[in-house]
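In what follows, a single structure is set out as structure tokens and then discussed.
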Amino acid sequence: MKKHAIIPIFIPHEGCLNDCVFCNQKKITARQKPVGAEDVKNIIEQYLPTLSNRGLETIEVAFFGGSFTGLPIEKQSAYLSVAKQYKDNEQIDKIHLSTRPDYINTEILEHLKYYGVDIIELGVQSFDDDVLRQSNRGHNREVVYESCRVIKNAGFELGIQLMIGLPGDTHEKSIYSAKETVKIGPSIARLYPTIVIDDTELYQMYERGEYQPLSQENAIQTTKAMFRILTDAGIQIIRVGLKSTDLIQENGVISGGTYHPAFRQLVESEIARESLENQLPVLLRSNPKKITFESNEKCFSNMIGNKRSNKEYFQKKYPQLNILYKTNSSLADNQYLVIQ
């Protein structure tokens, strides 16, 4: 049973003064209705009745959609004061927001602490200075390290968002970013393969032949390696890939082949397949006719694979085996067991 719920508040992108090559949110924001404090209250009131009596351990109000700490301080206060009221009344447990590494300083953190903010996610994207420069991020990696340090020292829970396949990026640079993330030690992370969408400089670079998106297979392989590095370090990965609703577009264009609506499952299905197959050689020495693959209920669909890809893979490669697929509640997430 799900123990954690998020009440999402989508804030227009007006807080960000930068023009990253991959982002078209400024143009979209110009067509959006402004969000006021009353809207924040209405959204929370709309969600709360649906979350009662569900045995939830944590309810968060999370501000998404832009660089929150880049908003005028009056607007930040207006939004946060609403969320704080619900937290003070014990109707929610945490307040969560995202921002840029260069929009963090001691004064900003003191302001967020006053309003009871718990979690700060940083859109880090990469720890490679050349990737940051080519993506027009507007800061270098030293800013990232310093922002992460002061956030953790101030007692906030830290989240880090990384992108894969930005201009100048390589598999090795992405792995480096994952390893640097582990050194910093956030509690949560998100992994986003770069998507080329219209109304962006990246789209123009793609049209001019100056940028080549990752293939879906390369994106999966790099993300899979980063996923393992982070999860092995105990970092919870709360998102892999963009949902269609994240690509806030009106009749927009997605170019290249990187995007997939179930990208996380593609990654986790490959992890499951490799884990299962690595256990087979020892068992196959005794020439069994039947074996069983097990996972917990949450990961069962990953064990089967996206569109049954793993099941079909094992049937084709090991036609001599009768393979049963079962759930085992004692197994952890992304833990798979093969028994005879």
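The values are calculated or read from the model by the stated rules, or taken from the named source; none is laboratory data. In this text, all values refer to a predicted model and were calculated from it rather than measured experimentally. So basically every Cβ, Gly included, is an ideal-geometry build from the backbone, and we count neighbours across all protein chains shown.
Would you be able to say whether some residue in the stretch 317-339 is loosely packed, with under 14 Cβ neighbours inside 10 Å, more than 28 Å from the chain's Cα centre (by Cα) and part of a helix (DSSP H, G or I)? So far as the stretch 317-339 goes, yes, one or more of its residues are loosely packed, with under 14 Cβ neighbours inside 10 Å, more than 28 Å from the chain's Cα centre (by Cα) and part of a helix (DSSP H, G or I).
Counting only residues that are touching a residue at least 24 places away in the same chain (Cβ under 8 Å) and over 19 Å from Glu268 (Cβ atoms), which one in the stretch 183-194 is surrounded by the fewest Cβ atoms within 10 Å (Cβ to Cβ)? Checking each candidate, the answer is Gly185. Residues in the stretch 116-133 that are touching a residue at least 60 places away in the same chain (Cβ under 8 Å) and small (Gly, Ala, Ser): there are none.
Residue-level analysis places Ile188 among those that are out of contact with any helix residue (DSSP H, G or I) (no Cβ under 9 Å at 6 or more places or on another chain) and either at pLDDT 95 or above or closer than 22 Å to Val144 by Cα (or both). Does any residue of the stretch 67-76 turn out to be in contact with a strand residue (DSSP E or B) (Cβ under 9 Å, 6 or more places away or on another chain), surrounded by fewer than 21 Cβ atoms within 10 Å (Cβ to Cβ), in the same structural domain as Lys41 (by TED's automatic domain parsing) and more than 20 Å from Ala5 (Cα to Cα)? Checked against the condition, which is being in contact with a strand residue (DSSP E or B) (Cβ under 9 Å, 6 or more places away or on another chain), surrounded by fewer than 21 Cβ atoms within 10 Å (Cβ to Cβ), in the same structural domain as Lys41 (by TED's automatic domain parsing) and more than 20 Å from Ala5 (Cα to Cα), the stretch 67-76 yields at least one hit.
Every residue, every condition in (1) charged (D, E, K, R); (2) closer than 30 Å to Gly116 by Cα, yes or no:
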site: Gly155; (1), (2): no, yes
site: His171; (1), (2): no, no
site: Lys179; (1), (2): yes, no
site: Thr194; (1), (2): no, no
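Number of residues in the stretch 202-247 that are at pLDDT below 95, among the hydrophobic types (A, V, I, L, M, F, W, C) and in a helix (DSSP H, G or I): the value is 2.
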